[in-house]
Amino acid sequence: MRLGALGLGKGIRTIRKHNGSNCCRPILNAQNQDLYQHWGVDSLRWNFLTFRDDHIVIATSGKTGTTWTHGIVANLIFPGCDLPGPPLEMSPWLDIRIPARIRSDSTRGGNPSALYQDALAIGWLRFDQRVKYLYVGCDTRDVFMSWWNHYRSFTEDALISFNSAPGRVGPEIARCLDDIHDYWRTFMTRGWFG
């Protein structure tokens, strides 16, 4: 039976196909929003965050300047002083599967800087009218070069960590292709998560 016939189809969408299998799992959650899941990220994790009026979400798709943007925003919030902590403590990346745990103090609003970072495409980000959002995009070629350089440096231990993460969805991430031209074709047809 189709989900739509049961009235359950609203908010469910399969994001991509990879070799005929779902790369991203379609799930209906309490907010009735689409979820984005693969070996590296899980948008469901945003549902555990209690938003506050002073929250700022730095939303950048992967390899488009998240760390750079975070540094600028953090220095605007804390001008002329030392930052209150390392970037991933000051601005938790909630949707990443590695590390596999979610800091409960961050999700309950205990993040003192009220900054959160995200690597989801805009369509899968949870919105709340109390929150300020900063979304950054980049030219696809720049994203590709940044991702290829990053991906090529993955060690065997990193690949094992990604592929053995609890609840991993979709195919495993394979070793990066050596030929940049071959990888460009893969990147443009399967995306950076394939």
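To keep it simple, each residue is scored yes or no on (1) in contact with a helix residue (DSSP H, G or I) (Cβ under 9 Å, 6 or more places away or on another chain); (2) surrounded by 14 or more Cβ atoms within 10 Å (Cβ to Cβ); (3) at pLDDT below 50.
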site: Gly4; (1), (2), (3): no, no, yes
site: Leu35; (1), (2), (3): yes, yes, no
site: Asp53; (1), (2), (3): no, no, no
site: Gly65; (1), (2), (3): yes, yes, no
site: Ala74; (1), (2), (3): yes, yes, no
site: Ile77; (1), (2), (3): no, yes, no
Worksheet item: Out of all the residues in region 123-141, which are closer than 16 Å to Gly62 by Cβ and exposed (fewer than 13 other Cβ atoms within 10 Å of the Cβ)?
Response: Gly123, Asp139, Thr140, Arg141
Worksheet item: Counting only residues that are touching a residue at least 12 places away in the same chain (Cβ under 8 Å), more than 30 Å from Thr50 (Cα to Cα) and assigned to a helix (DSSP H, G or I), how many does region 141-162 have?
Response: 10
Practice prompt. Output the number of the condition that Ser164 fails; it satisfies all remaining conditions of (1) within 30 Å of Ile56 (Cβ to Cβ); (2) at pLDDT below 90; (3) among the hydroxyl-bearing types (Ser, Thr, Tyr).
Written response: (1)
Worksheet item: Can you name the residue in region 168-194 that is part of a loop (DSSP other than H, G, I, E, B) and in contact with a Leu (Cβ under 9 Å, 6 or more places away or on another chain) and is also farthest from Trp39 (Cα to Cα) among such residues?
Response: Arg175
Worksheet item: Within the set of pairs 6+ apart or on separate chains, which have a first residue in region 113-131 that is under 13 Å from Ser43 (Cβ atoms) and not assigned by TED's automatic domain parsing to the domain that holds Thr50, a second that is modelled with pLDDT under 70 and among the hydroxyl-bearing types (Ser, Thr, Tyr), and C-beta atoms under 9 Å apart?
Response: none
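The values are calculated or read from the model by the stated rules, or taken from the named source; none is laboratory data. Model, not experiment: these values are computed from the prediction. Note that each Cβ is placed from the backbone with ideal geometry, even for glycine, and that neighbours are counted across all protein chains shown.
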